[in-house]
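S.K.: Can you keep this structure in mind? I'll have questions shortly.
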Amino acid sequence: MFRIGIDLGGTKIEALGLDPNGREIHRARIATPRDYDRSLAAICQLVQEAEAATGERAHVGIGHPGSLSPDTGRMRNANSVWLNDRPFAEDLGRALDRPMRFANDADCFALSEATDGAGCDGRIVFGVILGTGVGGGIVIDGRLLDGAQRIAGEWGHNPLPWMQPSEYPGEPCWCGQTGCIETFLSGPGWATHCNRQYGTELSARDIALAQTPEAEASREAYAHRLARALASVINIIDADTVVLGGGVSDTSGLAERTQALLGEFLFSDGVKTKVRTHQHGASSGVRGAAWLWQVEA
């Protein structure tokens, strides 16, 4: 069975064709049209080109921002705002004339890394996005967990646990709450806290690379916050593996620092959960979209 994955991003749409053994046989990308109808047309074009390369009709999985409401079937919370409140899945299924599968981009990352990436040896995998926002996805026995509201894995909009006095009450979040994990662990959130504490004007990338006492202290503080935040999830789902993705995850030593701190916060006398950096990187989204059809392989 051939699979085609589509990763619909804010700036690009990427297509990936996989053969029945999971080998890549086609890849293409185009700029994302900032318009609903033209985005649909662009996805259809990419699928047609991928099918021409595979030589047969394929199953198609779509990775997208935001999520599909279980009540209305319409898109919600997408930063590609032209998708919001539109019947995206219905319209695209009609245009391509086939059953399709959809998942948000963090879920696709988690599925990719759980299938043949850094979490492939784990039964319960938590895939984490640490970038301009904070998201996540949960894969159990090779299947994505979605949940009643289709928000499984959205740990970024829980409060940072075990807050220290200097952290309380936290920053206001765009979601309407205060002190969300995202306001501490997103790239912009990390930079805000570092610059306020040390009087610097650094980006998250600057902090990740700088060899100064302030940057090193900020990296340690970030790992401590990440360990606390992950522990609150692991205490519930007891993941075998946590895979870190997104731009912040490339900070040297972050996975190792976080792994070493987990034991302080887990409700356990030992730590078996492994914290790892992604294997497929920027390709995980489109790979995960293709793997949405793996159960029928």
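S.K.: Taking chymotrypsin sites (Phe, Trp or Tyr not before Pro) as candidate sites, keep only those in a DSSP loop with at most 13 other Cβ atoms within 10 Å, then name the longest stretch of the chain containing none of them.
M.R.: After excluding every exposed loop site, the longest remaining stretch is 1-173.
S.K.: Right, here's the next one. Find the Rg to Rh ratio for segment 113-217, where Rh is the Kirkwood radius over alpha-carbon pairs and Rg uses the same atoms.
M.R.: Answer for segment 113-217: 1.05.
S.K.: Counting GluC sites (Glu not before Pro) as exposed when in a DSSP loop with at most 11 other beta carbons within 10 Å, what is the longest stretch of the chain free of them?
M.R.: In the chain, the maximal stretch lacking such sites is 57-200.
S.K.: What ranking do Met100, Met1 get, fewest neighbouring Cβ atoms within 10 angstrom at the top?
M.R.: Met1, Met100
S.K.: In whole Å, what are the extents of segment 1-122 along the principal axes defined by its C-alpha atoms, from largest to smallest?
M.R.: Extents along the principal axes, in whole Å: 37, 35, 25.
S.K.: Name the residue, out of Gly66, Gly147, Gly189, whose mean-square fluctuation peaks in a Gaussian network model built on the chain with Cα pairs under 10 Å.
M.R.: It is Gly147.
S.K.: What are the ³J(HN,Hα) couplings of segment 244-257, residue after residue, when phi is run through the Karplus curve with 6.51, -1.76, 1.60 and θ = phi - 60°? Round to Hz, x for glycine and proline.
M.R.: 8, x, x, x, 5, 5, 7, 4, 4, x, 5, 4, 5, 4
S.K.: Tell me, what ³J(HN,Hα) does each residue in segment 275-288 have, in order and in whole Hz, if you take phi through Karplus 6.51 cos²θ - 1.76 cosθ + 1.60 with θ = phi - 60° and put x for Gly and Pro?
M.R.: Per-residue couplings from phi come out as 9, 10, 7, 3, 9, 9, x, 5, 7, 5, x, 6, 5, x Hz.
S.K.: Quick check on the chain: helices-only [θ] at 222 nm, where DSSP H runs of length 4 and up contribute -39,500 (n - 2.57) each and the sum goes over total residues. Nearest 500, please.
M.R.: It lands at -10500 deg cm²/dmol.
S.K.: Oh, and also: Taking amide H atoms as placed 1.01 Å from N in the peptide plane, list the residues 5 or more away in sequence, or in a different chain, whose amide H sits under 5 Å from that of Gly246.
M.R.: It is Leu130, by chain and number.
S.K.: Amide H neighbours of Lys274 under 5 Å, counting only residues 5+ apart in sequence or on other chains, H built in-plane at 1.01 Å?
M.R.: When sequence neighbours closer than 5 places are left aside, the close amide H contacts are Thr241, Val242.
S.K.: Once amide H atoms are built 1.01 Å from N in the peptide plane, which residues 5 or more positions from Arg86, or in another chain, come under 5 Å H to H?
M.R.: Distant-sequence amide H within range of Arg86: Met75.
S.K.: Moving on to the next point. Looking at segment 1-64, which trypsin sites (Lys or Arg not before Pro) are in a loop (DSSP not H, G, I, E or B) and have at most 10 other Cβ atoms within 10 Å?
M.R.: Passing both the DSSP loop test and the Cβ count: Arg23.
Read-outs throughout are calculated quantities, based only on the coordinates presented, and are distinct from any laboratory measurement. These numbers were taken from a predicted model, which means no experiment stands behind them. Counting neighbours? That spans all protein chains shown, and the Cβs are built from the backbone with ideal geometry, glycine included.
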